[in-house]
Amino acid sequence: MTVSAETLEEVQKTRWRNQWKELKAQVIDTDLCTGCAGCVISCPHDVIGYDHEQGGYIPFHLEDELGPDDCIHGQKGCTSCTRACPRFGIWEAQADDHLFGRTRSEDEVAGIYQDILLTRASDKTINEVGQDGGLVSAILLWALEHDYIDAALVSYLEGDKSSWKARPGVASTKEQILQSAGSRYTYSANTLALDEAREAGHERLALVGMSCQSSVPPVMWSRRIGKVAKPFVFNLGLLCSKTFDDAIFEELFWAKYGLARADITKMNIKGVFQIWTADGGFHEINLKECHAWTRDGCNHCPDFAAEHADISCGGIGENSDWTLTVVRTDLGREIISRMIADGVIESRPGDSDPGAIALMRKLAEKSRRRWPATAEQSVSLGIPAKK
Ligand SMILES: Cc1cc2nc3c(=O)[nH]c(=O)nc-3n(C[C@H](O)[C@H](O)[C@H](O)COP(=O)(O)OP(=O)(O)OC[C@H]3O[C@@H](n4cnc5c(N)ncnc54)[C@H](O)[C@@H]3O)c2cc1C
Ligand code: SF4
Ligand code: SF4
């Protein structure tokens, strides 16, 4: 079901009155919440809490006054949390319309885009530390050097790398960007690093985040949230079908396979969960076995292809050291074209690996089928109803 231009205009014209009470009832209690922390960073009264820990990753209200389901500031007219939430109301159509001036058509199951490329960092070190082609890190470095951004909100590992506990953080130097490279398959709400970036005086930020997080800035802009959205000037999304609860390390990798967290040097998902260990070992674990540790917030997520990013990046493709690169906005195209012209990335047409594009479509459809039939139906666009 498409959202018509008239409906969008009507929503824009109607006074936005939704507050925490509606967010809790329509997103959190219905299990649509991804844990993206958009509401947390947008709350001007700092009354939304969040545990960035195993079994957490869901916002909750911190004040006792009206109980967990209502907010006194909301009663007085504050609506910031729902203006930031990319699972509230007709979020997808609003973000599409804001970014692209139209909503998607039936066949755009992986979102609206301009180009699909395969790219990789020309610099060997960046290519090697990157999860796939090192494109994300190469873009951040180039965007810093060319004054597009002051810093990026990224994900690090807590302590030394052997903890495998992902945490949000700020990268404003080459060393920090390289330190944050690579993928962790547990959740990192990178949006939460916004305060740290602002405290450090960074005003123009790139957000690197999973699909769910990359919808936060466009949804905020479309609902005119105000100054909290201003620092987000560039949006890099990571293709994603799920993240895992941190418990997977102890309860599966260690308990069944004897793989200690501290011995793991790299992980990847290519049809199977691939794990490299410090002793030179390589292990493959069937993804079906990992399924039980899927983080709750991912179970109803419809967005595989980071469909509201300027550029979306993934690792599906026949060559493991290239990044599948979905260029969506004019800004994304400008940055990629200038980087190609500068020779800092190599690129080839996405059509040179048609299997990758077909797989992206297939996985995008699969994710869209997870959106519940009881939720906003425009998000099921392009997916035939189950028989
Ligand atoms: C949890 C997760 C699931 C993914 N699932 C898929 C998938 O199913 N199919 C697919 O094609 N691609 C998937 N990707 C994307 C893929 O793994 C690469 O991130 C992407 O191809 C970019 O590679 P790169 O070499 O260009 O990035 P790099 O240069 O290595 O940069 C990666 C960036 O991602 C950030 N990052 C790492 N881990 C996280 C995290 N957990 N949360 C938020 N930010 C993080 C880093 O801080 C860094 O800035 C997933 C990534 C993650 C993190
Ligand atoms: S989806 Fe994100 S913005 Fe919406 S309630 Fe959950 S954490 Fe908050
Ligand atoms: S599947 Fe990925 S994009 Fe969707 S909620 Fe989970 S982490 Fe976010």
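When the stretch 130-170 is examined, which residues are found to be farther than 22 Å from Leu192 by Cβ, under 20 Å from the mean Cα position of the chain (by Cα) and part of a helix (DSSP H, G or I)?
Once the filter is applied, which keeps residues that are farther than 22 Å from Leu192 by Cβ, under 20 Å from the mean Cα position of the chain (by Cα) and part of a helix (DSSP H, G or I), the stretch 130-170 yields Leu135, Ala138, Leu141.
If the requirement is being of a type in the set (Lys, Arg), within 16 Å of ligand 3 (Cβ to nearest atom) and farther than 15 Å from Asp46 by Cα, which of these qualifies: Arg83, Arg87?
Arg87
Go through the residues of the stretch 41-63 one by one and say whether even a single one is under 12 Å from Val219 (Cβ atoms), within 14 Å of ligand 2 (Cβ to nearest atom) and of a type in the set (Asp, Glu).
No, that holds for no residue.
Would you check which residues across the stretch 160-180 are in contact (Cβ under 8 Å) with a residue 60 or more places away in the chain, buried (at least 21 other Cβ atoms within 10 Å of the Cβ) and more than 10 Å from ligand 1 (Cβ to nearest atom) and list them?
none
Give the residues of the stretch 104-125 that are away from ligand 1 (no atom under 15 Å from the Cβ), modelled with pLDDT of 95 or more and of a type in the set (S, T, N, Q), sorted by residue number.
Of everything in the stretch 104-125, just one residue is away from ligand 1 (no atom under 15 Å from the Cβ), modelled with pLDDT of 95 or more and of a type in the set (S, T, N, Q), namely Gln114.
Could you check the stretch 221-246 and list, in sequence order, the residues that are more than 23 Å from Ala151 (Cα to Cα) and within 16 Å of ligand 3 (Cβ to nearest atom)?
Cys240, Ser241, Lys242, Thr243, Phe244, Asp245, Asp246
Looking at the stretch 59-86, which of its residues are part of a helix (DSSP H, G or I), in contact with an Asp or Glu (Cβ under 8 Å, 6 or more places away or on another chain) and surrounded by 18 or more Cβ atoms within 10 Å (Cβ to Cβ)?
Thr82 - this is the single residue of the stretch 59-86 that is part of a helix (DSSP H, G or I), in contact with an Asp or Glu (Cβ under 8 Å, 6 or more places away or on another chain) and surrounded by 18 or more Cβ atoms within 10 Å (Cβ to Cβ).
Could you look through the stretch 178-204, keep only residues that are more than 18 Å from Ser214 (Cβ to Cβ) and in a helix (DSSP H, G or I), and pick out the one that is farthest from ligand 3 (Cβ to nearest atom)?
Glu199
So Asp96 clears everything in (1) assigned by TED's automatic domain parsing to the domain that holds Arg333; (2) among the acidic types (Asp, Glu); (3) under 19 Å from the mean Cα position of the chain (by Cα) except one condition, right? Which one?
(1)
If you go through the stretch 206-250 one residue at a time, how many are near ligand 1 (Cβ under 9 Å from one of its atoms) and free of Cβ contacts under 8 Å to residues at least 40 places away in the same chain?
Summing the residues that are near ligand 1 (Cβ under 9 Å from one of its atoms) and free of Cβ contacts under 8 Å to residues at least 40 places away in the same chain in the stretch 206-250 gives 0.
The rows are residues; the columns are (1) within 16 Å of ligand 2 (Cβ to nearest atom); (2) surrounded by fewer than 18 Cβ atoms within 10 Å (Cβ to Cβ); (3) part of a strand (DSSP E or B).
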position: Phe234; (1), (2), (3): no, no, yes
position: Asp246; (1), (2), (3): no, no, no
position: Phe249; (1), (2), (3): no, no, no
position: Trp276; (1), (2), (3): no, yes, yes
position: Cys290; (1), (2), (3): no, no, no
position: Gly297; (1), (2), (3): yes, no, no
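Just the residues that are within 13 Å of ligand 3 (Cβ to nearest atom) and either surrounded by fewer than 16 Cβ atoms within 10 Å (Cβ to Cβ) or polar (S, T, N, Q) (or both), please, taken from the stretch 299-325.
Correct list: Asn299, Ser312.
Is it fair to say Val154 is buried (at least 24 other Cβ atoms within 10 Å of the Cβ), more than 16 Å from ligand 2 (Cβ to nearest atom) and in the same structural domain as Ser352 (by TED's automatic domain parsing)?
Taking the combined requirement at face value, the residue satisfies it.
Hey, can you tell me all the residues within the stretch 153-164 that are at negative phi and more than 16 Å from ligand 3 (Cβ to nearest atom)?
Correct list: Tyr156, Leu157, Glu158, Asp160, Lys161, Ser162, Ser163.
Can we say Leu117 is touching a residue at least 12 places away in the same chain (Cβ under 8 Å), closer than 30 Å to Lys362 by Cα, touching a strand residue (DSSP E or B) at 6+ places or on another chain (Cβ under 8 Å) and not hydroxyl-bearing (Ser, Thr, Tyr)?
When the stated conditions are applied, Leu117 passes them.
For the list (1) at pLDDT 95 or above; (2) of a type in the set (Val, Ile, Thr); (3) more than 27 Å from Val208 (Cα to Cα), I need the number of the one condition that Val27 fails.
Unmet condition: (3).
Kindly indicate whether Gly134 is at positive phi, in contact (Cβ under 8 Å) with a residue 24 or more places away in the chain and away from ligand 3 (no atom under 16 Å from the Cβ).
Yes; evaluated as a whole, the condition is true for this residue.
Being among the polar types (S, T, N, Q) and outside any strand (DSSP E or B) narrows it down to one residue among Thr119, Thr125; which is it?
Going through Thr119, Thr125 in turn, just one is among the polar types (S, T, N, Q) and outside any strand (DSSP E or B): Thr125.
The values are calculated or read from the model by the stated rules, or taken from the named source; none is laboratory data. This structure is a prediction, so every number in the text was calculated from the model and none was measured. Methodologically, a virtual Cβ is constructed for each residue, glycine included, from the backbone with ideal geometry; neighbour enumeration extends over all protein chains shown.
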